[in-house]
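The structure appears below as structure tokens.
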Amino acid sequence: MSAFYNEIEPYAVKWLSNLIDGGHIARGVVDGRDIRELKPSDIDGHEQAHFFAGIGVWSYALRLAGVPDDFPAWTGSCPCQPFSIAGRGGGFSDERHLWPDWFRLICECRPPIVFGEQVASADGLAWLDLVSADMERAGYAFAAADMCAAGVGAPHIRQRLFFVAYACGERLSRERLLLRADQAGRLKGEVPEVARCGGTGRLGDADAPRPQGYRRPVGQHDEAGRQGAQRHGATAGFWGDADWIACRDGKARPIESGSFPLAHGAPARVGRLRAYGNAIVAPLAAEFI
């Protein structure tokens, strides 16, 4: 069995393939077409399917939660730009409002479990109301939670609306999931190593030609890094070795160690900024799962 990944951004498509080859996410195939072009037959034969896959963090989060790669589940992070305060505010009229296209595939393929998320804004809540109504109309039990990255120890907010939908009447028992998780060691007290997560709360403008407001990254061995880590209580855990950047507003902000350089002129800067900016926080998603 293999997973199915759908992602339209060419840079992320290559990144997904590299992550699969490295064994960091479930093995599978990467489809770079627009989701509006997909048919149910494209997904047949795959236990898991990840839409708007980005750099595959949903697959990684399932693993962190102790869910085996062959456990049947769909995931998706529909574009947040129509509903984010950082976007143009187009809402449901924005061409990037692609929930109806994903919902079409859900109705046609009937996956037993669907996980997803959206930005936690007023417009994001309106989007979640639509998703909830659609999924319940299609025969799914639906639940959601408003969660932030700080809840798993990250020194930033990154508030998101997570949801899960369960196909009513499907013969997919909770006991099966618990058994498989136990076999993976999750319920025996063996907690998977929690990876460091990118995401700085507020990213730079990927299209701007100027530097993104920092002088250089600093680690905790530097005074500015120590002060930033101590101020946010981020001296241990998966943010323990974060790099801290001095920004123009006088504040220092953490980023994943090794993320630099992201300056103008650095190779793949725009692709990396967009990939990090669109990614979910894996330990937070794992906590929800």
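The values are calculated or read from the model by the stated rules, or taken from the named source; none is laboratory data. Since the structure is predicted, the reported quantities are computational estimates derived from the model, not experimental observations. Cβ sites come from the backbone with ideal geometry, for glycine too, and all protein chains shown count toward neighbours. All accessible areas refer to the heavy atoms of the entire protein, side chains included, with ligands and DNA or RNA removed. Shrake-Rupley method; radii C 1.70, N 1.55, O 1.52, S 1.80 Å.
Within region 148-160, the set of residues being touching a Phe, Trp or Tyr at 6+ places or on another chain (Cβ under 8 Å) and either of a type in the set (F, W, Y) or open to solvent by less than 40 Å² (accessible area, probe 1.4 Å) (or both) comprises A154, P155. One residue stands out in region 32-64 among those that are farther than 26 Å from P283 by Cα and not in a helix (DSSP H, G or I): the one that is least open to solvent (accessible area, probe 1.4 Å), namely L38. The residue that is nearest to the chain's Cα centre (by Cα), counting only those in region 68-81 that are more than 18 Å from R274 (Cβ to Cβ) and buried (at least 22 other Cβ atoms within 10 Å of the Cβ), is T75. Within the option set E117, E108, being surrounded by 15 or more Cβ atoms within 10 Å (Cβ to Cβ), within 19 Å of A49 (Cα to Cα), in contact (Cβ under 8 Å) with a residue 60 or more places away in the chain and of a type outside the set (S, T, Y) holds for one residue only, E117.
Within region 40-60, which residues are more than 25 Å from N278 (Cα to Cα) and in contact with an Asp or Glu (Cβ under 9 Å, 6 or more places away or on another chain)? Listed by number, the list holds a single entry, P40.
What are the residues in region 5-31 that are within 16 Å of H46 (Cα to Cα), open to solvent by 20 Å² or more (accessible area, probe 1.4 Å) and free of Cβ contacts under 8 Å to residues at least 40 places away in the same chain, if any? Within region 5-31, I20, G28, V29, V30, D31 qualify. Checking each residue in region 1-31 for being polar (S, T, N, Q) and part of a helix (DSSP H, G or I) picks out S17, N18.
Scanning region 120-141 for residues that are open to solvent by 30 Å² or more (accessible area, probe 1.4 Å) and under 17 Å from the mean Cα position of the chain (by Cα) yields a total of 1.
Exactly one residue among R110, R104 is over 16 Å from S2 (Cβ atoms), modelled with pLDDT of 95 or more and in contact with a Gly (Cβ under 9 Å, 6 or more places away or on another chain), and that residue is R110. Only one entry in A144, A154 is under 16 Å from the mean Cα position of the chain (by Cα), assigned to a strand (DSSP E or B), over 26 Å from G45 (Cα atoms) and small (G, A, S), namely A144.
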